[in-house]
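Notes to accompany the following structure.
The values are calculated or read from the model by the stated rules, or taken from the named source; none is laboratory data. These figures come from a predicted structure and were not determined experimentally. With ideal geometry, Cβ positions are generated from the backbone for all residues, glycine too; neighbour counts draw on all protein chains shown. Surface accessibility is based on the protein's heavy atoms, side chains included, excluding ligands, DNA and RNA. Shrake-Rupley method; radii C 1.70, N 1.55, O 1.52, S 1.80 Å.
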Amino acid sequence: MKNFIRNLKRVMQSRKITQAELARRTGIPAPNVSRILAGKEGVSIARGRRIARALKMRLSDLLKIPAKVA
């Protein structure tokens, strides 16, 4: 879950997508988006797919473990 949140935040920041915009694109209420990003609300597979689809990504990309920098 931590990887999902970290990757989601990175994508949102790089694309300049606000929580309100993500909520609009996904149909997930803004308070829920806020709780997801804060790690206070879990994300089901279905909801994760919805978020990924709204970002034109695959869910697996949001779940990836970041590569370690040596």
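With each run of n ≥ 4 DSSP H residues scored as -39500 (n - 2.57), what mean residue ellipticity at 222 nm is computed for the chain after dividing by its residue count and rounding to the nearest 500 deg cm²/dmol? Intermediate values should be presented prior to the final figure.
Working: 5 runs with 45 residues, N = 70.
Helix contribution divided over all residues of the chain: -18000 deg cm²/dmol.
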Matching label for the computed percent of Cα pairs over 19 Å apart, out of (1) 23; (2) 48; (3) 27, is (1)
Looking only at lysines whose Cα falls under 18 Å of K40's and that sit 8 or more positions away or on another chain, we get K2, K9
Mark the label point 7 Å from the Cα of S44 along Cα→Cβ and return the residues of the range 1-38 whose backbone N is within less than 20 Å of it.
-> 1-2, 4-5, 23-38
In the chain, what percent of the accessible surface is made up of carbon and sulfur (1.4 Å probe, ligands and nucleic acids excluded)?
-> 54
In nm, to one decimal, how far is the modelled label at K9 from the one at R25, with both set 7 Å along Cα→Cβ?
-> 1.8
